[in-house]
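The values are calculated or read from the model by the stated rules, or taken from the named source; none is laboratory data. A quick note: this is a predicted structure, and the numbers were derived from the prediction, not measured. Note: ideal-geometry Cβ built from the backbone for every residue, glycine included; neighbour counts use all protein chains shown. Accessible surface is based on the protein model in full, side chains and every heavy atom, while ligands, DNA and RNA are left aside. Shrake-Rupley method; radii C 1.70, N 1.55, O 1.52, S 1.80 Å.
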Amino acid sequence: MTKAISILGCTGSIGRQTAAVAEHLGLRVAALSAQRKIDLLEEQTRKFRPSFVAVYDEEAAKRFKIAVADLDVRVGMGLEGLIEAASLEESDCVVTAVSGAIGLKPTLEAIARKKRIALANKETLVCAGRLVMAAAKDCGAEIVPVDSEHSAIFQCLMGREKGELKKILLTGSGGPFRGRPRAELENVTPAQAVSHPNWSMGAKISVDSATMMNKGLEFIEAMHLFSVTPDDIQVVIHPQSIIHSMVELVDGTVIAQLGVADMGLPIQLALTYPQRCESMFEHLDFYHLKDLSFEAPDYEKTPCLKLAMDCARAGGIAPCVMSAANEVAVHMFLRGSLGYNRIYDAAAAAVDHFGNVKDPDLETILAADKAARDFVTENFS
Ligand code: MG
């Protein structure tokens, strides 16, 4: 079991929940990193007394340094700081909860040092799944998923041979607009898009859940994480989010993982695996569970999901371009400068605009990420 952790992105939704789980488990929090929310970061620093804290934004880092001048803590900044937080000697597990491709280099650095990666940064596998999984294999570093679906699949596959797996059944709630045609969603507001029926999450991922881009990103992640092809994954809409995903075995048996919809559970397992510990979360009460229902996705109503699945098949830089373009478009939507349906338009246009590159290296991936962001900023604002 993990003894000391670094939390990259500690002020975000997953980061805050990781801090709470670490406290519950009595784990040492050796390093923290945040972009610029230094008030919360200071609170966490005073509580956990990490040896190192990274603040991505330079100005915020300077202010933070002054705020914690009375503490025995080293402060770093920028990407360098983030990499140092990820590679800190003291930590044996790195929780990657930063958002965006910025998480890539720190994750690779932690892998090179054989640390367990509690993976919560989607872009790591979406953009560079092939590179990251190969590096983990070469270095003997464990990658334990934090995303609830991947944690479920990971648990369903525990102790099984690769040859036993027929397909992965990736479940998704369908989000707040399930079944609504695209034309009706033209004037959706950010507040409507972020109100997810089952999960409490950050704003960006909540919008991705509404467009179902999130399920598409998870589709790509699952391919890499479990070394399967797109044909081995079936997306199943399950509005109640009680089953967090399933695997079908060659004999027709289906193994599902169920639990309350609380991200704390997969976070805790990623830290304690292969052990399990008492958690502070509610348990399922089957006497009070209502119906569990299932349906096929409607790709016409969720073009983002279709786009992501197409990019998964295309491989190369396509998933990275799509994900980066989507991220910029979602932030524009959240700021009120882009319509809801234009999020898909922006992601699809970026994928169309950039030619694909087979087997890209890290620099090519990071360049594609930046180019896709610039493309959306220039053409959609
Ligand atoms: Mg998920």
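Overview of results
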{"read-out": "Some residue of region 215-223 being more than 13 Å from the ligand (Cβ to nearest atom), at pLDDT 95 or above and open to solvent by 20 Å² or more (accessible area, probe 1.4 Å)", "value": "yes"}
{"read-out": "Options GLU327, GLU300: the member that is charged (D, E, K, R), over 16 Å from GLY129 (Cα atoms) and surrounded by fewer than 16 Cβ atoms within 10 Å (Cβ to Cβ)", "value": "GLU300"}
{"read-out": "Residue check, ASP262 without any contact (Cβ under 8 Å) to a residue 24 or more places away in the chain, surrounded by fewer than 21 Cβ atoms within 10 Å (Cβ to Cβ) and within 13 Å of the ligand (Cβ to nearest atom)", "value": "yes"}
{"read-out": "Filter result for ALA325 (of a type outside the set (Lys, Arg) and over 18 Å from the mean Cα position of the chain (by Cα))", "value": "no"}
{"read-out": "Elements of type helices (runs of 4 or more DSSP H) in region 119-193, at least 3 residues being within 13 Å of the ligand (Cβ to nearest atom) and crowded, with 19+ Cβ neighbours inside 10 Å", "value": "122-139, 148-156"}
{"read-out": "Candidate set: region 194-203, residues that are within 13 Å of the ligand (Cβ to nearest atom) and of a type in the set (Gly, Ala, Ser); chosen: the one modelled with the highest pLDDT", "value": "GLY202"}
{"read-out": "Lone unmet requirement of (1) at pLDDT 95 or above; (2) open to solvent by less than 20 Å² (accessible area, probe 1.4 Å); (3) part of a helix (DSSP H, G or I) for SER206", "value": "(1)"}
{"read-out": "Tabulated pairs, region 214-232, first closer than 16 Å to LYS306 by Cβ, second within 11 Å of the ligand (Cβ to nearest atom) and among the hydroxyl-bearing types (Ser, Thr, Tyr), C-beta under 8 angstrom, 6+ apart or interchain", "value": "LYS215/SER209"}
{"read-out": "Qualifying residue in region 319-327 (condition: free of Cβ contacts under 8 Å to residues at least 60 places away in the same chain and either among the β-branched types (Val, Ile, Thr) or more than 27 Å from LEU185 (Cβ to Cβ) (or both))", "value": "yes"}
{"read-out": "Any chance ALA324 is touching a Phe, Trp or Tyr at 6+ places or on another chain (Cβ under 6 Å) and not charged (D, E, K, R)", "value": "no"}
{"read-out": "Enumeration of residues in region 242-256 that are in contact with a Ser or Thr (Cβ under 8 Å, 6 or more places away or on another chain) and surrounded by fewer than 21 Cβ atoms within 10 Å (Cβ to Cβ)", "value": "ILE243, ALA256"}
{"read-out": "Lone unmet requirement of (1) within 12 Å of the ligand (Cβ to nearest atom); (2) touching a residue at least 24 places away in the same chain (Cβ under 8 Å); (3) closer than 29 Å to ARG276 by Cα for SER206", "value": "(2)"}
{"read-out": "Residue in region 270-291 that is open to solvent by 50 Å² or more (accessible area, probe 1.4 Å), within 16 Å of the ligand (Cβ to nearest atom) and either farther than 21 Å from ARG342 by Cα or touching a Ser or Thr at 6+ places or on another chain (Cβ under 6 Å) (or both) present", "value": "no"}
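Residue by residue, here is whether (1) of a type outside the set (A, V, I, L, M, F, W, C); (2) under 20 Å from the mean Cα position of the chain (by Cα); (3) over 25 Å from ARG178 (Cβ atoms) holds:
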{"site": "CYS311", "(1), (2), (3)": "no, yes, no"}
{"site": "VAL330", "(1), (2), (3)": "no, yes, no"}
{"site": "GLY339", "(1), (2), (3)": "yes, no, no"}
{"site": "ARG342", "(1), (2), (3)": "yes, no, no"}
{"site": "ALA348", "(1), (2), (3)": "no, no, no"}
{"site": "THR364", "(1), (2), (3)": "yes, no, yes"}
{"site": "ASN379", "(1), (2), (3)": "yes, no, yes"}
